[in-house]
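A short worksheet on the structure shown next.
The values are calculated or read from the model by the stated rules, or taken from the named source; none is laboratory data. All values derive from a computational prediction rather than experimental measurement. A quick note on method: Cβ atoms are made from the backbone with ideal geometry, for glycine too, and the neighbour counts reach across all protein chains shown. Heavy atoms of the whole protein, side chains included, go into the accessibility calculation; ligands, DNA and RNA do not. Shrake-Rupley method; radii C 1.70, N 1.55, O 1.52, S 1.80 Å.
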Amino acid sequence: MEQIIEAKNLIKSYGYGVNKMMVLKNLDISVLKGQFLSITGKSGSGKSTFLYQLALLDVPDSGQIKIDGTFVSSLSIEQKTKFRLKKLGYVFQDYALLPELTAIENVALPLLMQGFSKKDATHEAHFALEKIGLGNKLNCLPNQLSGGQQQRVSIARAIAHNPKIIFADEPTANLDTETSRVVLNTFLELNKLGQTIVMVTHEKEYAAMADRTVELSDGVIISDIINRK
């Protein structure tokens, strides 16, 4: 199968001199198109830092990252911004919704930033919200939605432009168990439709729901397993 992510020799550190701390230590990984990969590990293991490098939200000290055939490490800041907008989708633990915008407006906003007309952006946003079961919440503000509903709006926003990859950083961290499973099932349904997903979670139960689980410890990969379903 086709590899959609290839990363080699990723190194990331923070601080300088005697205070310098190595967070990622020569990490290599490849992700197949259509795969659901979970990244897990204890707090401080480097899992979110790893995701941020792969998702182009941070810059490694050294190493190469190739996404969908493009060596993204060598792109300019402007080129990376355009690449993220067109090819990648993001889901964060704090939802990152604008409180003054309705659900459909929150989902449509990144499309407008890409140059979609208001009509087309609204149409795609409506379709995305219907797809994740929130077609009856289009005009609700975030404070009129439950935490799980807000997270599903953020998932709709992430998929509205048909991204090559969805990156999710602890998407269930602020949710109760029942709501977390609804969100995970949403990811599973998207994955069944061919969506590539890379998700960070500290919950081993949720990590095991993915096709594949990579576990980090002290900035290195200590296991890489295919989950049997």
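Any residue at all in the stretch 211-218 that is surrounded by fewer than 17 Cβ atoms within 10 Å (Cβ to Cβ), aliphatic (A, V, I, L, M) and out of contact with any helix residue (DSSP H, G or I) (no Cβ under 8 Å at 6 or more places or on another chain)? Checked against the condition, which is being surrounded by fewer than 17 Cβ atoms within 10 Å (Cβ to Cβ), aliphatic (A, V, I, L, M) and out of contact with any helix residue (DSSP H, G or I) (no Cβ under 8 Å at 6 or more places or on another chain), the stretch 211-218 yields no hits at all. Of all residue pairs spaced 6 or more apart or on separate chains, those with beta-carbon atoms under 6 Å, a first member in the stretch 113-137 that is charged (D, E, K, R) and a second member that is not in a helix (DSSP H, G or I) are Glu124/Ala160.
In the set Leu141, Leu145, only one residue is open to solvent by less than 30 Å² (accessible area, probe 1.4 Å), in contact (Cβ under 8 Å) with a residue 12 or more places away in the chain, of a type outside the set (Val, Ile, Thr) and on the phi < 0 side of the Ramachandran plot; that residue is Leu145.
Looking at the stretch 93-102, is at least one residue in a loop (DSSP other than H, G, I, E, B), on the phi < 0 side of the Ramachandran plot and among the aromatic types (Phe, Trp, Tyr)? Within the stretch 93-102, not a single residue is in a loop (DSSP other than H, G, I, E, B), on the phi < 0 side of the Ramachandran plot and among the aromatic types (Phe, Trp, Tyr). Determine, yes or no, whether Ala125 is open to solvent by less than 50 Å² (accessible area, probe 1.4 Å), touching a helix residue (DSSP H, G or I) at 6+ places or on another chain (Cβ under 9 Å) and under 15 Å from Tyr90 (Cβ atoms). Answer is no for this residue. The conditions of being surrounded by 13 or more Cβ atoms within 10 Å (Cβ to Cβ) and assigned to a loop (DSSP other than H, G, I, E, B) are not met by Ala158.
Candidates Thr186, Thr172: the one that is β-branched (Val, Ile, Thr), in a helix (DSSP H, G or I), in contact with a helix residue (DSSP H, G or I) (Cβ under 8 Å, 6 or more places away or on another chain) and open to solvent by less than 40 Å² (accessible area, probe 1.4 Å) is Thr186. What pairs come out if I take residues in the stretch 9-28 that are assigned to a loop (DSSP other than H, G, I, E, B) and pair them with residues that are open to solvent by 70 Å² or more (accessible area, probe 1.4 Å) whose C-beta lies under 9 Å away, six or more apart or interchain? The qualifying pairs are Gly15/Met21; Lys20/Tyr14. Take Gly34 and tell me if it is in contact (Cβ under 8 Å) with a residue 12 or more places away in the chain, of a type in the set (Gly, Ala, Ser), surrounded by 16 or more Cβ atoms within 10 Å (Cβ to Cβ) and not in a loop (DSSP other than H, G, I, E, B). For Gly34, the condition - in contact (Cβ under 8 Å) with a residue 12 or more places away in the chain, of a type in the set (Gly, Ala, Ser), surrounded by 16 or more Cβ atoms within 10 Å (Cβ to Cβ) and not in a loop (DSSP other than H, G, I, E, B) - is not met.
Scanning the stretch 51-61 for residues that are out of contact with any Ser or Thr (no Cβ under 9 Å at 6 or more places or on another chain) and either within 20 Å of Glu215 (Cα to Cα) or outside any loop (DSSP other than H, G, I, E, B) (or both) turns up Leu51, Tyr52, Gln53, Leu54, Ala55.
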